[in-house]
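K.L.:
Next up is a structure, given as structure tokens.
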Amino acid sequence: VREAFAFGTPSAVSNLGPLPSIVKHGESGVVFEAANPASMLEEIRSLWQNPALLAQLGRSAREVFEALYTEDANYKTMMMIYEHAIERNGRMEKL
């Protein structure tokens, strides 16, 4: 999904597992009902038949990539995690 978003390609994912938390239905792709080929076909067909919506979802997918998955975004996230861990460790030492 991350690689698709990097290229501005929206994704189609099932509603099981963690992917629906990444691919927002109607924003950066579509979510279909797991184990339901008709649901998948319906969602993908609706995008294919609406080029303007497909293009908008692609732009949104790229925006998600830039906000969350670039080297800079990953660095900022990692630094926040480290800062939180250091802060938490400091509180634990005081106990």
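The values are calculated or read from the model by the stated rules, or taken from the named source; none is laboratory data. Please read these numbers as outputs of a predicted model, since none were measured by experiment. Heads up, the Cβs are rebuilt from the backbone with ideal geometry, glycines too, and the neighbour counts pull from every protein chain shown. Keep in mind that these areas ignore ligands, DNA and RNA; they rest on the heavy atoms of the full protein, side chains included. Shrake-Rupley method; radii C 1.70, N 1.55, O 1.52, S 1.80 Å.
K.L.:
Got at least one residue in the range 7-21 being modelled with pLDDT of 95 or more, more than 11 Å from the chain's Cα centre (by Cα) and at positive phi?
P.N.:
Scanning the range 7-21, I find at least one residue that is modelled with pLDDT of 95 or more, more than 11 Å from the chain's Cα centre (by Cα) and at positive phi, so the answer is yes.
K.L.:
Still on this structure: Taking the range 12-27 only, how many residues are polar (S, T, N, Q) and within 12 Å of Leu54 (Cβ to Cβ)?
P.N.:
Initially, the range 12-27 is screened for residues polar (S, T, N, Q), giving 14-15, 21.
This time we only want the ones that are within 12 Å of Leu54 (Cβ to Cβ), so: none.
Counting residues in the range 12-27 that are polar (S, T, N, Q) and within 12 Å of Leu54 (Cβ to Cβ) gives 0.
K.L.:
Can you tell me which residues in the range 8-45 are closer than 11 Å to Val64 by Cα and open to solvent by 80 Å² or more (accessible area, probe 1.4 Å)?
P.N.:
Hits for the range 8-45 are Lys24, Glu27.
K.L.:
Right, next: With the requirement that a residue be assigned to a helix (DSSP H, G or I) and among the aromatic types (Phe, Trp, Tyr), what does the range 63-94 give you?
P.N.:
Going through the range 63-94, the residues assigned to a helix (DSSP H, G or I) turn out to be 63-68, 71-94.
Scanning the range 63-94 gives Phe65, Tyr75, Tyr82.
K.L.:
Right, another one. Within the range 45-54, can one find any residue that is touching a strand residue (DSSP E or B) at 6+ places or on another chain (Cβ under 9 Å) and of a type in the set (D, E, K, R)?
P.N.:
Our first condition is that a residue be touching a strand residue (DSSP E or B) at 6+ places or on another chain (Cβ under 9 Å); within the range 45-54, this holds for 46-47.
Okay, now just the ones that are also of a type in the set (D, E, K, R), so none.
The answer is no, given that none of the residues of the range 45-54 is touching a strand residue (DSSP E or B) at 6+ places or on another chain (Cβ under 9 Å) and of a type in the set (D, E, K, R).
K.L.:
Checking Phe5 against (1) touching a residue at least 40 places away in the same chain (Cβ under 8 Å); (2) over 18 Å from Glu63 (Cβ atoms), which test does it fail?
P.N.:
So the condition that Phe5 fails would be (2).
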